[in-house]
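Below is one structure, written out as structure tokens, with a few remarks after it.
The values are calculated or read from the model by the stated rules, or taken from the named source; none is laboratory data. All values derive from a computational prediction rather than experimental measurement. Every residue, glycine among them, receives a Cβ derived from its backbone with ideal geometry; neighbour counts consider all protein chains shown. Accessible surface is based on the protein model in full, side chains and every heavy atom, while ligands, DNA and RNA are left aside. Shrake-Rupley method; radii C 1.70, N 1.55, O 1.52, S 1.80 Å.
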Amino acid sequence: MKHNKTNHFPKDFLWGGAIAANQAEGAYLEDGKGLTIVDLLPTGENRRTIMKGNVPSLRPQDGEFYPSHEAIDFYHHYKEDVALFAEMGFKALRISLSWARIFPSGEETSLNESGLQFYDDLFDELKKYNIEPVVTLAHFDVPVALIENYGSWRNRKLVSLFEMYAKTVFTRYKDKVKYWLTFNEINMLLHLPFLGAGLVFKEGDNQKQIQYQTAHHQLLGSALAVKACHEIIPDAKIGCMLAAGSFYPFTCNPEDVFQGMEKDRESYFFIDVQSRGKYPAYANRFFKDHGISIEMETNDEEILKEGTVDYIGFSYYSSRTTSTDPEVIKNMTSGNVFGSVSNPYVAKSEWGWTIDPKGFRITANQLYDRYQKPLFVVENGLGAVDDVTPEGEVNDDYRIDYLRKHIAEMAEAIEDGVEILGYTSWGPIDLVSASSGEMKKRYGYIYVDKDNEGSGSLKRIKKKSFDWYKNVIATNGAVL
Ligand code: BG6
């Protein structure tokens, strides 16, 4: 099919970047903040095990290094960082609120005014430059006290505590924030349950059962937050957020194709509920086949129905590939929590993540076909090692190349008819990697002088991609 090669982005397209409290702020116990899950994630071998729910202690341990404790110290550098985003011409900045900064113990009685004030100041700073905040309520974030007291999201109690938190921030920021998201990458809870939902497993736990009960609770929390947002801020839009990337069948063997469909449904399951307001038809069979039974209360169906999202937020880094052939599945890609077999037609990043710009267009089209609601690309980018030259420059042409190709495919998706509200690339300033805890895995247009061990001046340096992205925004995506 022939396509028009001039990129046409909507006039008010929200170009920008996305960061998250847990990977940027640091100041992990400052001004009354409580411990949050990421504060228990060290670098090194134990990280992955803990993210999966095998958590040795709910306190940081001696002898471990916890990168979130200082992160890039955005908490103290936000003015300087926002000024740099403004210099690039950002129209939007996606951030997340740290739940434990606002409710250190997660309970209403612990409300922390300093935490609320920090975000007020940040929103005011953004406003100075006409940068629209896009705010996620929970980005890999649960106050540790809620794990200690209730077992986190496996307990229905979290639904009302989350609703109370959501109502508090909607009321406080109703004049400053018009774009919201409920849970970051809600499907992550199936893959890294501690990271996604603060789940800590005990010997003998039926993990799948707990994960889907947790999913039900988060879906209720999301629906109640959507409803509250619509009531408190009628002119706001609130979305869900999917770790997207469609599955390709490795061959046209119907077995592979069917498995690809099922794997996609594993993720779509969440968005099907958040967008359509009810469990999808295929869920019944899935639950039956896996011996899962969801405990529901009488008005749950009503809650889900009344809390459907306005738009579909998603992250796209890679496509995924699946196969039923035992020989083929010996060849998995590393570093991908979604368990993908290696796709011989596409490249890989230094961390083994598939690089597939066309997959971005495919994914966007599939999401739009399925939900018929506006999309918002709230994460995309390349994690790579950057070297600073003796002259103090970072020549990240590989990042420019990745982004250029992905943005070009996004333009094609728009030509295809997909409605996209904006594009906030991940980590416009280097920050801590969620999966590995490394600083070395960098996504930014702005380099931060800090290494994996926590040493460095925290100085910010503009990379080559800084001016490139600035020009992309200035030309509204016409020049890539
Ligand atoms: C997404 C998350 O999974 O991907 C971010 O929402 C994360 O928090 C990003 O940082 C990139 O992953 P990583 O592991 O390279 O940091």
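Odds and ends about this structure:
- Assessment of the stretch 320-329 against the conditions (more than 22 Å from G444 (Cα to Cα), within 15 Å of the ligand (Cβ to nearest atom), touching a strand residue (DSSP E or B) at 6+ places or on another chain (Cβ under 8 Å) and of a type in the set (K, R)) yields at least one matching residue.
- The set of residues in the stretch 11-34 that are open to solvent by less than 20 Å² (accessible area, probe 1.4 Å) and over 22 Å from F183 (Cα atoms) comprises F13, A27.
- Every test in (1) of a type in the set (S, T, Y); (2) more than 27 Å from M332 (Cα to Cα); (3) assigned to a helix (DSSP H, G or I) is passed by T182 save one, and that test is (3).
- Of all the listed residues (Y165, Y150, Y179), the sole one being among the hydroxyl-bearing types (S, T, Y), out of contact with any Ser or Thr (no Cβ under 9 Å at 6 or more places or on another chain), under 24 Å from E379 (Cα atoms) and away from the ligand (no atom under 14 Å from the Cβ) is Y179.
- The stretch 35-67: number of residues that are in contact with a strand residue (DSSP E or B) (Cβ under 8 Å, 6 or more places away or on another chain) and open to solvent by less than 10 Å² (accessible area, probe 1.4 Å): 1
- A count restricted to the stretch 116-163 and to residues that are small (G, A, S) and surrounded by fewer than 18 Cβ atoms within 10 Å (Cβ to Cβ) stands at 2.
- Flag if S342 is more than 28 Å from L14 (Cα to Cα), among the polar types (S, T, N, Q), open to solvent by less than 30 Å² (accessible area, probe 1.4 Å) and touching a Ser or Thr at 6+ places or on another chain (Cβ under 7 Å): yes
- Applying the criterion of being more than 9 Å from the ligand (Cβ to nearest atom) and hydroxyl-bearing (S, T, Y) to the residues of the stretch 424-444, the residue that is farthest from E45 (Cα to Cα) is T424.
- Put simply, of K208, K227, K278, K288 the only residue that is in a loop (DSSP other than H, G, I, E, B), at pLDDT 95 or above and surrounded by fewer than 20 Cβ atoms within 10 Å (Cβ to Cβ) is K278.
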